[in-house]
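The values are calculated or read from the model by the stated rules, or taken from the named source; none is laboratory data. Small disclaimer: the values here were computed from a predicted structure and weren't measured. Here Cβ is always computed from backbone atoms with ideal geometry, including for glycine, and neighbour counts include all displayed protein chains. Quick note on the areas: whole protein, heavy atoms, side chains included, nothing else; ligands and nucleic acids left out. Shrake-Rupley method; radii C 1.70, N 1.55, O 1.52, S 1.80 Å.
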Amino acid sequence: VDATVKIASERFQAALAMPNTSPPITTVELCQEYYQKLTSAAQAAPAGAPNMEFLSVLYLTDMTTVATVEEMVKHPNIRGFKYYPAGATTNSAFGVTDVNKLYPVFSKMQELGLVLCIHSEVSRIEIDIFDREKVFIEEVIRPLVKAFPTLKIVMEHISTSFGVDFINEIPGDYLKGSITPHHLVYNRNALLVGGVKPHFYCLPILKRESHRLALLEAATSQSGKFISGTDSAPHDQARKESCCGCAGVFNGHNAVELYVEIFESVGKLDALANFFQAGKDFYNIGGDRVMKLRKESWKVPETFDFPDEENPDRAGKLVPLRAGEDMLWKIV
């Protein structure tokens with residue numbers, strides 16, 4: 001926590017802390033304990049911003065109750081739930097197996113104005129990994145939006161043109177799609193061509209170039225329907241470079257610079273403020289933090305120090321996105 005919060009505090013006014021920790025954050029009590037840990041880490045970071053705002057979401061399970069929704073709304077830092085389909089991504093084993101059981105929860109969330117963040121992929125083994133977002137939209141999201149038209153939903157880290165098209169299809173301002181810098185910059189060739197590169201392995205998995213271009217068009221459209229969301233996932237190098245490496249790309253050190261770079265590449269730097277502001281407005285994040293960047297290259301470190309998740313006493317390493325490569329923009 002200390003290492004990643006320090007990096008985040010150098011670049012971000014606010015962070016949405018994911019609850020798929022081990023153990024998962026399924027209760028208000030666990031959520032507030034984690035919130036205090038994150039806040040303390042930000043205040044202690046030498047280059048940190050003590051006023052960095054941490055937003056929290058609880059881990060949605062089949063056992064989540066309406067009573068939990070009524071309790072969480074008493075805490076301003078808690079903005080809603082994260083819906084992980086069971087088995088869809090890292091630490092999602094406790095996730096949802098039957099979405100219909102949770103309709104009373106969604107009804108109360110809609111009433112109270114809470115946000116439902118969704119990892120929008122099915123996890124059934126018979127569904128091809130490149131098709132899981134498309135199937136999830138038709139099986140889960142479309143019926144959900146129809147049943148709860150004013151429930152605030154974020155389809156997190158969308159990765160396909162199907163996600164873009166569906167979000168554009170739905171009228172109103174209650175459905176958003178977040179887009180990561182790595183899904184905007186890279187396609188699946190980065191992961192697979194010339195050998196398997198584990199540090200590009202994430203879920204949703206990188207898709208073909210046509211989908212990347214659709215995401216880029218959506219991000220730069222200034223429609224207000226698409227928002228920034230890094231999905232930065234720190235994992236120890238040993239866990240990534242293994243016979244069964246875990247999913248996740250760490251971009252907390254250069255996400256802002258990557259967004260600037262890719263927007264500039266298509267002549268849409270003027271659209272970047274809208275992309276950032278739409279997310280702030282949706283999550284009701286107050287205040288403003290002015291950030292200045294200039295066109296200046298700098299080299300991304302090969303690794304960051306990172307404690308081993310299973311053996312905290314051992315100093316591990318974290319391999320960041322674009323490790324050892326030059327960035328085109330620099331925060332000043």
Handout entry: Neighbour net charge for E169 - beta-carbon separation under 13 angstrom, K R +1, D E -1
Key = +1
Fill in the blank from the handout: The FRET efficiency for I125 and E241, from their Cβ-Cβ distance with R0 = 25 Å and rounded to 0.05, is 0.50
Handout entry: Over segment 170-231, volume per residue of the alpha carbon convex hull, in Å³
Key = 84
Problem - Over segment 179-332, equivalent-ellipsoid semi-axes from the Cα gyration tensor in Å - result: 27, 19, 16
Fill in the blank from the handout: The distance between the Cα centres of segment 248-327 and segment 72-138, in whole Å, is 25
Completion exercise
Share of accessible surface on carbon and sulfur in the chain, whole %, 1.4 Å probe and ligands ignored, is 53
Fill in the blank from the handout: The alpha-carbon pair-distance distribution computed for the chain, with 20 angstrom bins and whole-percent values, is 31, 63, 6
Problem - segment 75-166: translational diffusion in µm²/s, Stokes-Einstein, Kirkwood Rh over Cα pairs, 20 °C, 1.002 mPa s - result: 157
Completion exercise
Quick note, segment 18-135: a/c under 1.5 would make it rounded; otherwise a/b > b/c is prolate and the rest oblate (a ≥ b ≥ c, C-alpha gyration tensor); here it is oblate
Fill in the blank from the handout: Beyond 18 Å, the calculated P(r) of segment 232-310 holds a percent of Cα-Cα pairs equal to 59
Completion exercise
The simple spin-label model distance between V135 and D270, using points 7 Å out along Cα→Cβ, in nm, is 4.4
Problem - Heavy-atom surface of the chain, accessible at 1.4 Å and reported per residue (Å²) - result: 45
Fill in the blank from the handout: Given unit charges at Cβ for Lys, Arg (+) and Asp, Glu (-), the dipole magnitude of the chain about its Cα centre in debye, nearest 20, is 460
Handout entry: Sum of side-chain charges, E209 neighbourhood, beta-carbon under 14 Å (Lys, Arg +1; Asp, Glu -1)
Key = +3
Completion exercise
Residues whose modelled amide H sits under 5 Å from the amide H of C246, counting only those 5 or more places away in sequence or on another chain, are K240
Completion exercise
In terms of the charge dipole of the chain, which places +1 on Lys and Arg and -1 on Asp and Glu at the beta carbon, the residue among Q277, S123, A8 farthest towards the positive end is Q277
Practice task
Return the long-range amide H neighbours of W329 (sequence gap of 5 or more, or a different chain), with a cut-off of under 5 Å between placed amide H atoms.
Solution key: E296
Fill in the blank from the handout: HN-Hα couplings for segment 22-31 via Karplus (6.51, -1.76, 1.60; θ = phi - 60°), in whole Hz with x for Gly/Pro, come out as 10, x, x, 8, 9, 10, 4, 4, 5, 4
Fill in the blank from the handout: Lys and Arg at +1, Asp and Glu at -1: neighbours of D2 with Cβ under 13 Å from its Cβ sum to +1
